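Derivation of every value follows stated rules applied to the coordinates shown; laboratory data play no part. The structure displayed is predicted, hence computed values, not measured ones. Note that we place each Cβ from the backbone using ideal geometry, even for glycine, and neighbour counts take in every protein chain shown.
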Amino acid sequence: MKLKDKQTEDKIFEAATEVFLEKGMDGARMQEIADKAGINKALLHYYYRTKDRLFDAVFALIANQMFKKLTPVFDEKLTLEEKIRLFFKEHIAFLKKNPRLPIFILNEINRNPERIKRIINSLNVKNMWLIVEKQHKDELEKYNITQENIPQLITSIAALSIFPFVAKPIISAILGEIGADYNDYINQRGDFAADFTIRAIRK
């Protein structure tokens, strides 16, 4: 791909990501994306014939960026507990930079569940579990974590970091009532969630 073409595509992705995050698939308009990217609508359609194709590309890119951010979690030198702490540290840091992302993803999962299924399949989640199983066989046995109950553990871990962003208005209001600050709460969230999870699996 030529440098000029790559720069144009980067502008489209940046503009489309911003518009899709703000308005979702249904609310976004190709003209608005083109305007924000500084190109005409015809050129946008040249790169991506339909809004669906552009949305799929943006959604897949966001998902890949998130999972790429979590790649260090699979470092074989880390213990299982160190992996848990690193997951919360990286995941919450990513969500702090992209606070609208959780609601966006949840909305689009409900709107088009087949899309997330395709993305999950492309990420080969089963292989991720096999890597963890190979690296931490003794620890998994010690904590009674099996292939059957791992979905419970994974969804619980994910919820501990995602929910504070999805429910920010409610949590902010509650914290305000007790004189606490939401940003301080989020900054402490990684350590708290990691400690909470580790205590749970130890029991």
Report summary line: Output ordering of 161-167, 14-20 (per-residue mean of other Cβ within 10 Å, highest first) is 14-20, 161-167
Query raised in the report: Around Asp56, with a cut-off of 10 angstrom between Cβ atoms, what is the net charge of the other residues, counting Lys and Arg +1 and Asp and Glu -1?
Result: +3
Query raised in the report: Label 7 Å along Cα→Cβ of Tyr182; the stretch 79-94 residues with amide nitrogen under 20 Å?
Result: 91-94
Query raised in the report: Hey, what number do you get for the chain at 222 nm if only DSSP H runs of n ≥ 4 count, each worth -39500 (n - 2.57), divided across all residues, to the nearest 500?
Result: -26000 deg cm²/dmol
Report summary line: So, over other residues within a Cβ distance under 12 Å of Tyr143, counting Lys, Arg +1 and Asp, Glu -1, the net charge is +1
Query raised in the report: With labels modelled as points extended 7 Å from the Cα through the Cβ direction, what inter-label distance (nm, one decimal) is found for His45 paired with Ile109?
Result: 3.5
Query raised in the report: Summing +1 for each Lys or Arg and -1 for each Asp or Glu, what net charge is found among the other residues whose Cβ lies under 13 Å from the Cβ of Gly176?
Result: -2
Requested in this report: Enumerate the lysines that Lys168 could reach by cross-link, defined here as Cα to Cα under 19 Å, with residues fewer than 8 away along the same chain left out.
Outcome: Lys23, Lys89, Lys96, Lys97
Query - Shape parameters for the stretch 1-148, alpha-carbon atoms, Rg then Dmax in Å - result: 18.7, 60
**Report entry** Equivalent ellipsoid semi-axes, the stretch 70-202, via Cα gyration tensor eigenvalues times 5, rooted, Å
**Finding:** 27, 21, 13
Report summary line: Placing each pseudo-label 7 Å from Cα in the direction of the beta carbon, Lys117 and Ile170 end up separated by a distance in nanometres of 2.9
Query raised in the report: Could you give the dipole magnitude of the chain about its Cα centre, charging the beta-carbon of Lys and Arg +1 and that of Asp and Glu -1, in debye to the nearest 20?
Result: 520
Report summary line: Diffusion coefficient in µm²/s returned for the stretch 1-60 by Stokes-Einstein, Kirkwood Rh over C-alpha pairs, 25 °C and 0.890 mPa s, is 219
Report summary line: Rounded to the nearest 10 degrees, the helix 51-69 long axis (Cα) sits at an angle to the longest Cα principal axis of the chain of 30
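Gain in length, Met128 to Lys6, computed as 0.36 nm per residue apart minus the alpha-carbon separation, to one decimal in nm? Each step should come with its number before you reach the end.
Numbers: separation 122, 0.36 × 122 = 43.92 nm, distance 3.15 nm.
Stretched out fully, the Met128 to Lys6 stretch lengthens by 40.8 nm.
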Report task. Starting from the Cα of Asp35, step 7 Å along the direction of its Cβ; do the same at Lys97; then give the gap between the two resulting points in nm. Result -> 2.9
Report task. Mind checking which lysines have their Cα closer than 17 Å to the Cα of Lys142? Skip sequence neighbours fewer than 8 apart in that chain. Result -> Lys83, Lys134, Lys203
Requested in this report: Please give the contour-minus-distance gain from Glu14 to Glu148: 0.36 nm per residue of separation, less the Cα-Cα distance, rounded to one decimal in nm.
Outcome: 44.3 nm
